[in-house]
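S.K.: Here it is, the structure, as structure tokens.
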2 protein chains.
Amino acid sequence: MRATTIHAARDIRVEEVADPQIRKPTDAIVKVTAGCICGSDLWPYRGENPIKPGATIGHECIGVVEGVGGEVTAFRPGDFVIVPFCHCDNTCPHCAVGAQSACQNLGMTVSGQAEYARVTQADGSLVATDGVPDDALLPSVLALTDVMPTGWHAAVSAGVKAGDTVVVVGDGAVGLCGVLAASVMGAERIIAMSRHEPRQAVARAFGATHVIAARGDEARAELLELTDGIGVDAALECVGTDAAMTTAIEATRPGGGVGFVGVPHGVKLPVGTLFARNVGLRGGMAPVRRYLPELLELVTSGSIEPGLVFDSTLPLDESPQGYEAMDERRAIKVMLRP
Amino acid sequence: MRATTIHAARDIRVEEVADPQIRKPTDAIVKVTAGCICGSDLWPYRGENPIKPGATIGHECIGVVEGVGGEVTAFRPGDFVIVPFCHCDNTCPHCAVGAQSACQNLGMTVSGQAEYARVTQADGSLVATDGVPDDALLPSVLALTDVMPTGWHAAVSAGVKAGDTVVVVGDGAVGLCGVLAASVMGAERIIAMSRHEPRQAVARAFGATHVIAARGDEARAELLELTDGIGVDAALECVGTDAAMTTAIEATRPGGGVGFVGVPHGVKLPVGTLFARNVGLRGGMAPVRRYLPELLELVTSGSIEPGLVFDSTLPLDESPQGYEAMDERRAIKVMLRP
């Protein structure tokens, strides 16, 4: 099949690789209708994560079940499915308490930017749509494989509730989905931190009531001013850098919560500040499968349109150009069509 | 008045100092009926916190209102009151959301091991008992000034709920009160970590179902075995050292929570582990005033007896011996009677 591969930092290719196979009776193979590039794919792209040269890349896709293993009972070839980036059996003790991203049989999509992807624990992982989504709905359904549940998880982890004042640190697709999540949860004031006009526009479309373009000390001063010196009830850290975490924690009022979903890179947690202000911290990889039914309903009912984070669609063969566009912040998020 | 003072590491004295005075119209002066020594007093005693030579020490006391400032309306001389170790106005925006330990007018008891103590923000801070508690009840009422609400706060911060499996790291008075709190909240299994027979006995009296005497890797192995390799739902970190925090975090199942109330000394938070397992972390100084009415009701109704943490009572003049006994772990907690 044709697949996106990574060979070194900034060396993304589309080439012929072996088709994924059913290796376990709980596997399924999905023919990809649409995949996409994630902000977290930029970590290896920029050489900040280890790279296995020639490995396929991409963990987000939706498509049609092509084949299933002998123990898969809930899905059959022809079903249109959403593939959570992290696969789970949805029955183990961790899944049972809503920690599907720590499933005892955890798996990952590893060829989402390709023609086919293997899904482990298909029965536990996949969620079928009611028929093939039309083209208008496709981006929002694709957003359910990762960025929307991840933004949602940030808001859940931060403890966002109706009436809250919330700040979202990070204007990537996940941060924007965090704005949308906070909005659905009834936050009264949602402050998006972004200095990038197109992202500010999406943030506002998603429910941001305020935008702060400043950074660092200046941003923190603006945040405090906006909240009468009190701080926000909840902060969503959607970047993964130490600067973003610092901003999130310092913006949060005593007793408030920080939800963090940016994969930590060089983050040092200030335990003294957390203690002194009773600021809660919770986050990690999103248990996508846990949130999927609720979020799919919000998408199909037209209540939310997370697909607005896609501002570029490319044929699979132009995957490298997609990485360039996202790296240079010319695109928020790129959809790839095989 | 006679007061306990600290001059240097391991140099505790009882000497004559100036009586505390009403300095602001919101102050009250309390004649101390009983005070006590806190595990956190051992930090300066051991030279691990800065010391102001000659300063009074002690932040826990109960007693009788001796005098009030002109703006105090809820209390009058003669009232028997519980003095939260942290004072608050109980009306500011932080207090309003239950973060009384971050009150905009925060104060502290600074001469709890003495004849008199000054209470700032008396109207917001103090809680009166229904008359003078009899001697049998006195220890439990005294425990409400700090250790019981702090153990309670650890359990609240960890998110303890009915049916949970909980581990409590730390067998000081606060840890033991954490056991009691988890028990009141309906935890099904409560694992106390203690290698000290008298503390194990109190832990069991407070509801501990299991005791682990091992430490480090061996303790973690026992914890995992007790929980079928899954980990606990909630961990209460009641020490403040890096080893205790590590044990608490590593014991917690994915999606579980750590509540920490030990003042952090050299704690380095493992952000990668927290992220990888979606373990929540929340804690800090307990908002004592928030919990006081509920806890006082539990004490006066006989539902809980946190006063069992006191295994030694000394006259105020023997305060230095009390520090020695606690430092050498010959006493769990020492009550001082002026």
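The values are calculated or read from the model by the stated rules, or taken from the named source; none is laboratory data. All values derive from a computational prediction rather than experimental measurement. Virtual Cβ from ideal backbone geometry, glycine too; neighbours counted across all protein chains shown.
S.K.: Return a yes/no flag: does the range B:202-224 have any residue that is hydrophobic (A, V, I, L, M, F, W, C) and within 14 Å of chain A (Cβ to nearest Cβ). Write out each step before concluding.
M.R.: Keep residues of the range B:202-224 that are hydrophobic (A, V, I, L, M, F, W, C), which gives B:202-203, B:205-206, B:208, B:211-214, B:219, B:221, B:223-224.
Filter again for within 14 Å of chain A (Cβ to nearest Cβ), leaving B:224.
Checking the range B:202-224: at least one residue is hydrophobic (A, V, I, L, M, F, W, C) and within 14 Å of chain A (Cβ to nearest Cβ).
S.K.: Just one of the numbered conditions (1) part of a helix (DSSP H, G or I); (2) in contact (Cβ under 8 Å) with a residue 24 or more places away in the chain; (3) farther than 19 Å from A:ARG277 by Cα; (4) more than 8 Å from every other protein chain (Cβ to nearest Cβ) is not true of B:SER303; which one?
M.R.: Answer for B:SER303: the failing condition is (1).
S.K.: It is to be established whether one or more residues within the range A:283-296 are more than 19 Å from the chain's Cα centre (by Cα), touching a residue at least 40 places away in the same chain (Cβ under 8 Å) and either surrounded by fewer than 21 Cβ atoms within 10 Å (Cβ to Cβ) or assigned by TED's automatic domain parsing to the domain that holds A:ASP41 (or both). Give the steps one after another, and end with the answer.
M.R.: Quick first cut of the range A:283-296, residues more than 19 Å from the chain's Cα centre (by Cα) only: none.
No - not one qualifying residue is present in the range A:283-296.
S.K.: Which members of the range B:89-100 meet the condition of being at the interface with another protein chain (Cβ under 7 Å from one of its Cβ atoms), surrounded by 21 or more Cβ atoms within 10 Å (Cβ to Cβ) and in contact (Cβ under 8 Å) with a residue 12 or more places away in the chain? Step through it out loud before you land on a result.
M.R.: Applying the first criterion (at the interface with another protein chain (Cβ under 7 Å from one of its Cβ atoms)) to the range B:89-100 yields B:93-94, B:97-99.
From what's left, surrounded by 21 or more Cβ atoms within 10 Å (Cβ to Cβ): B:94, B:99.
Within the range B:89-100, just B:ALA99 meets the criteria.
S.K.: To continue, here is another question. Looking at (1) loosely packed, with under 15 Cβ neighbours inside 10 Å; (2) within 14 Å of chain A (Cβ to nearest Cβ), which one does B:GLY231 not meet, given that it meets all the others?
M.R.: Among (1) loosely packed, with under 15 Cβ neighbours inside 10 Å; (2) within 14 Å of chain A (Cβ to nearest Cβ), B:GLY231 violates only (1).
S.K.: Only one residue in A:ALA276, A:ALA243 is outside any loop (DSSP other than H, G, I, E, B), surrounded by fewer than 19 Cβ atoms within 10 Å (Cβ to Cβ), within 11 Å of chain B (Cβ to nearest Cβ) and aliphatic (A, V, I, L, M). Which one? Talk me through it step by step, then tell me what you get.
M.R.: Details: A:ALA243 fails: within 11 Å of chain B (Cβ to nearest Cβ).
Only one candidate passes the filter, namely A:ALA276.
S.K.: Looking at B:VAL202, B:VAL184, which is the one that is within 18 Å of the chain's Cα centre (by Cα), over 20 Å from B:THR227 (Cα atoms) and surrounded by fewer than 24 Cβ atoms within 10 Å (Cβ to Cβ)? Break it down into steps so the answer makes sense when it comes.
M.R.: Working: B:VAL202 fails: surrounded by fewer than 24 Cβ atoms within 10 Å (Cβ to Cβ).
The match here is B:VAL184.
S.K.: Which of the residues that make up the range A:189-202 are of a type outside the set (A, V, I, L, M, F, W, C) and either farther than 16 Å from A:THR252 by Cβ or assigned by TED's automatic domain parsing to the domain that holds A:SER312 (or both)?
M.R.: In the first step, residues of the range A:189-202 are kept if they are of a type outside the set (A, V, I, L, M, F, W, C); the result is A:189, A:194-200.
Scanning the range A:189-202 gives A:SER194, A:ARG195, A:HIS196, A:GLU197, A:PRO198, A:ARG199, A:GLN200.
S.K.: Scanning the range B:101-124 for residues that are in a loop (DSSP other than H, G, I, E, B) and either more than 14 Å from chain A (Cβ to nearest Cβ) or among the β-branched types (Val, Ile, Thr) (or both), which turns out farthest from B:ARG289 (Cα to Cα)?
M.R.: Within the range B:101-124, the first condition is being in a loop (DSSP other than H, G, I, E, B), and the residues that meet it are B:103-106, B:109-113, B:115, B:120-121.
Okay, now just the ones that are also either more than 14 Å from chain A (Cβ to nearest Cβ) or among the β-branched types (Val, Ile, Thr) (or both), so B:109-113, B:115, B:120-121.
Numbers: B:THR109: 13, B:VAL110: 17, B:SER111: 19, B:GLY112: 17, B:GLN113: 20, B:GLU115: 23, B:THR120: 13, B:GLN121: 12 Å.
Only one residue tops the list, namely B:GLU115.
S.K.: Further question: Can you tell me which residue among B:VAL263, B:VAL258 is within 18 Å of the chain's Cα centre (by Cα), of a type in the set (A, V, I, L, M, F, W, C), assigned to a loop (DSSP other than H, G, I, E, B) and not assigned by TED's automatic domain parsing to the domain that holds B:ASP311? Spell out how you get there, then give the answer.
M.R.: Numbers: B:VAL258 fails: assigned to a loop (DSSP other than H, G, I, E, B).
One residue alone meets the criteria, B:VAL263.
S.K.: Is it fair to say A:GLU250 is surrounded by fewer than 24 Cβ atoms within 10 Å (Cβ to Cβ), under 26 Å from A:SER183 (Cα atoms) and free of Cβ contacts under 8 Å to residues at least 12 places away in the same chain?
M.R.: Working: surrounded by fewer than 24 Cβ atoms within 10 Å (Cβ to Cβ): yes; under 26 Å from A:SER183 (Cα atoms): yes; free of Cβ contacts under 8 Å to residues at least 12 places away in the same chain: no.
Judged against the criteria, A:GLU250 is not a match.
S.K.: If you don't mind, another one. Condition (residue is touching a helix residue (DSSP H, G or I) at 6+ places or on another chain (Cβ under 9 Å) and acidic (Asp, Glu)) applied to the range B:89-97: is it met by at least one residue? Walk me through how you get there before you give the answer.
M.R.: At the first step, the residues of the range B:89-97 found to be touching a helix residue (DSSP H, G or I) at 6+ places or on another chain (Cβ under 9 Å) are B:89-92, B:94-95.
Next, from what is left, pick out any that are acidic (Asp, Glu): B:89.
Looking through the range B:89-97, at least one residue is touching a helix residue (DSSP H, G or I) at 6+ places or on another chain (Cβ under 9 Å) and acidic (Asp, Glu).
S.K.: Only one of these conditions is not met by B:SER140: (1) within 14 Å of another protein chain (Cβ to nearest Cβ); (2) under 23 Å from B:ALA34 (Cβ atoms). Which number is it?
M.R.: For B:SER140, the failing item is (1).
S.K.: Right, here's the next one. Any idea which of A:MET285, A:MET326 is more than 14 Å from chain B (Cβ to nearest Cβ) and either among the aliphatic types (A, V, I, L, M) or in a helix (DSSP H, G or I) (or both)?
M.R.: Numbers: A:MET285 fails: more than 14 Å from chain B (Cβ to nearest Cβ).
None of the other options fit; the residue is A:MET326.
S.K.: Which of the residues spanning the range A:131-164 are polar (S, T, N, Q) and surrounded by 24 or more Cβ atoms within 10 Å (Cβ to Cβ)? Working first, answer last.
M.R.: The first filter runs over the range A:131-164 and keeps only residues polar (S, T, N, Q), leaving A:140, A:145, A:150, A:157.
Correct list: A:THR145, A:THR150, A:SER157.
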